[in-house]
Amino acid sequence: MQVKSFIRKCHSQMRFERRCMSLSDRCAATVEIPSVGPVTIMKSARARYIRITISPDRTIRLTVPRRESIEKGRQFLHSKVPWILRNLPRVAELEKPKVNLPDFEVSEQQACDILVGRLQELARIHHLNYSRVSIKNQKTKWGSCSSKNRINLNINLVRLPDQLRDYVILHELVHTRVKNHSSQFWAELDKTLGGGARELARKLRKYRLVRRADGGQVPIAAGELGQPV
C-alpha cells in the first residue's frame, strides 16, 4: 500500500511539473495538490512577490511574478500547505451568517464621546500613545492605525458589546508598537488584554457592519482629536 501511495504521489508530482512548465506560454493553469485540492497558478506582471490567496468560495490561487520561476513558486506552495490547511476553516467561518449590530438611538456626538473617552482611558492605563483619532462610518473596517499612529475608529463600535469594543480599541493601540499582525503583535495584544485575543477576534467576526443611511464621517472638535505623544 505504501508503494502504491508513493507511485500515485510521484505521478501527481509529474503532472504538476508539466502543467507548471506550460505556464511560460499561458496566463494560468490549475493543478491538484494532495490534501489541499485544486490550486490555480497565475503569472502576473504586476505582482512583486509570490503569494497565496484563499477566496471566500475556498478557491486557492498562487500568484507568481513574471521575473520568478514557476519552480520557485511550486516550492513556496508546497512549503505553505500547512498554512493553507490551517486557514481554510477560517474562510468557512467567514461564510457563516453574521449577527446584525443592535439598533439603538445614539447621536454622533455621544458616539464620539464614548469612543474617544474609552480610547484615552485605555491608552493611559496601558501606556500606549497615539497621535490623533478620527471617528468614521466605515463600511468594512472596525478600526485602523497608520504608520504615524493616527487611529481611526468606526462609529458602529458603540453598538458592540463592551468587551469587543475594548478589543478593537486595544487592537489598534497595540499597532502603535507593532505595525503588523505577526506573532509578536498577537503576543503583545494578548498580554495587554490579559489573554483571549484570538477568541475575541473570532467573536468579532460574527458581527456584521451596517453603514448608516446618512453616511459620511463623524466630525470631532479639534480639542478632542488626539493625545500628546
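Here are the numbers for the structure shown:
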| quantity | calculated |
| --- | --- |
| Packing-based ranking, highest mean first, of 153-165, 172-184, 34-46 given that Cβ atoms within 10 Å are counted | 153-165, 172-184, 34-46 |
| Stretchable slack from L85 to R67, in nm (0.36 nm times residue separation minus alpha-carbon distance) | 3.7 nm |
| Net charge of Cβ neighbours under 15 Å - reference G195; Lys, Arg +1; Asp, Glu -1 | 0 |
| Inter-probe distance in nm under a simple model that places probes 7 Å from Cα toward Cβ, at T59 and S183 | 3.3 |
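All of the numbers you see were taken from the coordinates with simple rules; none came from a lab. Just so you know, these numbers come straight off a predicted model, no measurement behind them. Note: ideal-geometry Cβ built from the backbone for every residue, glycine included; neighbour counts use all protein chains shown.
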